[in-house]
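A short worksheet on the structure shown next.
The values are calculated or read from the model by the stated rules, or taken from the named source; none is laboratory data. No experiment lies behind these values; they were computed from the predicted model shown. Cβ placement follows ideal geometry from the backbone for every residue including glycine, while neighbour counts extend to all protein chains displayed. Quick note on the areas: whole protein, heavy atoms, side chains included, nothing else; ligands and nucleic acids left out. Shrake-Rupley method; radii C 1.70, N 1.55, O 1.52, S 1.80 Å.
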Amino acid sequence: MIKGKHLVAGKWVGGDSLFESSPATGPSHKFSVGNTELVNKAAEEAEEAFLSYGYSKPNERASFLNKIAEEIEKRGKEITEIGSQETGLPSQRLEGERARTVGQLILFAKHIQNGDYLDFRHDIALPDRNPPRPEIKLIQRPIGPIAVFGASNFPLAFSVAGGDTASALAAGCTVVVKGHSAHPGTSEIVAQAIDDSIKKCNIHPGTISVIQGGNRDVGQSLVQHPLIKAVGFTGSLTGGKALFDLCASREEPIPFFGELGSVNPMFILPKAISNRTKEIASGWVGSLTLGVGQFCTNPGIAIVLDDENAENFIKEVTTLISEIDPQIMLTDGISKAYRSGCDRMSSLNAIKCLENDNENSRKALPQLFVTNGENWLSQKELSEEVFGPSGLVVKVADFDEMELIAKKMLGQLTCTIHLDGEDQHKAKKLIPILERKAGRIIANGFPTGVEVCDSMVHGGPYPASTNFGATSVGTMSIRRFLRPVCYQNIPNSLLNHDLISN
Ligand code: NAP
């Protein structure tokens, strides 16, 4: 049952000002519009809750994370139903994303219990050394209340109880979520699961609040609230940069962990394209059009040598793409931005390979554009993300031009190399360039389908993210919400249980 309210410190609160959801299918619902007063209340309660939750034991937080996972699973059917109505994504995708969300919560519960995340270090006292050395210990401590922005393109895995929330709660931070207005009903049901978990685990109700959007003031006042100590965000470069600037201009600037745009280039080397034209073409089309191309890891650009193999590859991709029916996008705004992104490609002398035109609707058809290396290198806008199922093939004159394109690429979440046999020596030249550009480098694969594991990096130099040393997926993402503290000569009786047990 949808209440249309915000969850603030264990209470469901609403007001007279309402916004209506615009689902892709099914009925719309009315939701209370968020405001600054709710943000203030949630941030104050989050600080209050931090005084207990921030000092809780890892096994207590693990039980809480496992309980949230259990409560989400209990509401699985309801979440899938409203999630697919709101986003237009198929039920299967919602079910897969729920499994990932629940899996992330359980993974963090396990991760904190083995204690490695504390990065415990100990230099014993050397009283006889000249000068004497005191006893020095270090552990990571949670930083306080965190603001989390739900993402439009991951209604579960990057929203209310998604990766940012799971890693912040695992660290011992409290959380204020700003729900995305593209899926307020999905956010609310997950908030109901959290509310029940808080009660069942007897956790301070201010540990996590969920405020719906409907008003820009919510996000702006949230990142500027003096009690908020860091922000987790997934979304557009424009929105992320605006919020990042607000964080930087606060009296006390705070870290803004924004995961923003990426075109995820693929460098297809000569032997690979000649040996596996069809295989790479169908893999690319699958990855490019998965989820209507609405993934931050969508491989938007393929760089190939300008020869007969490139022409065969383009033909193959064009044929495969032309067989795909129009698919509904997440929001009207996203489909409008997709259409204008495709128009921008044409205006920059990229040749459109298909005659299909996207109509003025929420449904999108995949598109393919082709340009040459010289044109790409001279027009900066061709390196910008078109969020949706649009691909650009860049035909380069030779390998030197391919290397130059790699050097000119902006920061990326991923870069991919397709290579076979004697492509090795070319790939060896690309790797040192690409590892300065991206958080993840892939060989002979496709970047969509991000594994949630210990060694995953989902981040990269700006504009892929606003913080190049961080990841928003995988267990290392917990580090964003921790800060090392060194304890010098502090007696055991004063130390936190995490230090004493080490
Ligand atoms: P968005 O516009 O960046 O919004 C994400 C969140 O930030 C929303 O909660 C939004 O609030 C808030 N926000 C954005 N600008 C703000 C500002 N100036 N002040 C305060 N809050 C602000 O992303 P989106 O809504 O998901 O989609 C818009 C476009 O982003 C898409 O067309 C697409 O191009 C791109 N996108 C990229 C990725 C990616 O992974 N690279 C993912 C999703 C979207 P409101 O609800 O008030 O708008």
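On inspection, I2 passes the criterion of being in a loop (DSSP other than H, G, I, E, B), within 27 Å of the chain's Cα centre (by Cα) and within 19 Å of A193 (Cβ to Cβ). Here T297 passes the criteria (1) away from the ligand (no atom under 16 Å from the Cβ); (2) over 19 Å from S361 (Cα atoms) except the one numbered (1). With respect to being out of contact with any Leu (no Cβ under 6 Å at 6 or more places or on another chain), part of a strand (DSSP E or B) and either under 30 Å from P145 (Cα atoms) or away from the ligand (no atom under 16 Å from the Cβ) (or both), G283 falls outside the description.
Scan region 255-266 and tell me whether some residue there is open to solvent by 20 Å² or more (accessible area, probe 1.4 Å) and within 24 Å of the chain's Cα centre (by Cα).
Step one: of region 255-266, the residues open to solvent by 20 Å² or more (accessible area, probe 1.4 Å) are 255, 257.
Restricting the remaining residues to those that are within 24 Å of the chain's Cα centre (by Cα) gives 255, 257.
Yes, that holds for at least one residue.
A single entry from N312, N360 fulfils the requirement of being more than 16 Å from the ligand (Cβ to nearest atom) and either farther than 25 Å from S282 by Cβ or open to solvent by 30 Å² or more (accessible area, probe 1.4 Å) (or both): N312. The set of residues from region 471-488 being farther than 17 Å from V457 by Cα and not aliphatic (A, V, I, L, M) comprises R483, P484, C486, Y487, Q488.
Of all the criteria given as (1) touching a residue at least 12 places away in the same chain (Cβ under 8 Å); (2) open to solvent by 30 Å² or more (accessible area, probe 1.4 Å); (3) outside any helix (DSSP H, G or I), the one not satisfied by K199 is (3).
Test G232 against the stated conditions and say whether it is within 13 Å of the ligand (Cβ to nearest atom), touching a Phe, Trp or Tyr at 6+ places or on another chain (Cβ under 6 Å), among the small types (G, A, S) and not assigned by TED's automatic domain parsing to the domain that holds W376. So G232 fits the description; yes. Residues of region 44-65 that are part of a helix (DSSP H, G or I), in contact with a Gly (Cβ under 9 Å, 6 or more places away or on another chain) and open to solvent by less than 80 Å² (accessible area, probe 1.4 Å): E45, A46, E47, A49, F50, Y53, P58, R61. Inspect all residues belonging to region 333-346 and state whether any of them is acidic (D, E) and over 28 Å from G460 (Cβ atoms). Checked against the condition, which is being acidic (D, E) and over 28 Å from G460 (Cβ atoms), region 333-346 yields no hits at all. Each residue in region 202-229 was checked for being within 15 Å of the ligand (Cβ to nearest atom) and either among the aromatic types (F, W, Y) or in a loop (DSSP other than H, G, I, E, B) (or both), and 6 pass. Residues of region 168-190 that are within 22 Å of K229 (Cα to Cα) and of a type in the set (G, A, S): A168, A170, A171, G172, G179.
Are any residues in region 120-142 more than 36 Å from the chain's Cα centre (by Cα) and aliphatic (A, V, I, L, M), and if so, which ones?
Once the filter is applied, which keeps residues that are more than 36 Å from the chain's Cα centre (by Cα) and aliphatic (A, V, I, L, M), region 120-142 yields I124, A125, L126, I136.
Just need a number here: residues in region 81-128 that are touching a helix residue (DSSP H, G or I) at 6+ places or on another chain (Cβ under 6 Å), crowded, with 22+ Cβ neighbours inside 10 Å and among the polar types (S, T, N, Q). Count: 2. On the stretch given as region 300-309, residues that are buried (at least 18 other Cβ atoms within 10 Å of the Cβ) and either away from the ligand (no atom under 16 Å from the Cβ) or over 26 Å from G411 (Cβ atoms) (or both) total 5.
Being near the ligand (Cβ under 9 Å from one of its atoms) and either farther than 27 Å from I106 by Cα or crowded, with 21+ Cβ neighbours inside 10 Å (or both) is a property that S249 lacks.
If you go through region 30-43 and keep only what is out of contact with any strand residue (DSSP E or B) (no Cβ under 7 Å at 6 or more places or on another chain) and more than 14 Å from G213 (Cα to Cα), you end up with just N40. Of all residues in region 125-152, those that are within 19 Å of S477 (Cα to Cα) have Cβ atoms under 6 Å from Cβ atoms of residues that are within 16 Å of the ligand (Cβ to nearest atom) and open to solvent by 40 Å² or more (accessible area, probe 1.4 Å), 6 or more apart or on another chain, in G150/H180.
Can you spot a residue in region 384-399 that is in a helix (DSSP H, G or I) and away from the ligand (no atom under 16 Å from the Cβ)? Yes; the residues of region 384-399 include at least one that is in a helix (DSSP H, G or I) and away from the ligand (no atom under 16 Å from the Cβ).
If you go through region 157-171, how many residues are under 11 Å from the mean Cα position of the chain (by Cα) and assigned to a loop (DSSP other than H, G, I, E, B)?
Within region 157-171, residues that are under 11 Å from the mean Cα position of the chain (by Cα) and assigned to a loop (DSSP other than H, G, I, E, B) number 4.
When region 234-267 is examined, which residues are found to be part of a strand (DSSP E or B) and touching a Lys or Arg at 6+ places or on another chain (Cβ under 9 Å)? Within region 234-267, F257, G258, F267 meet the criteria.
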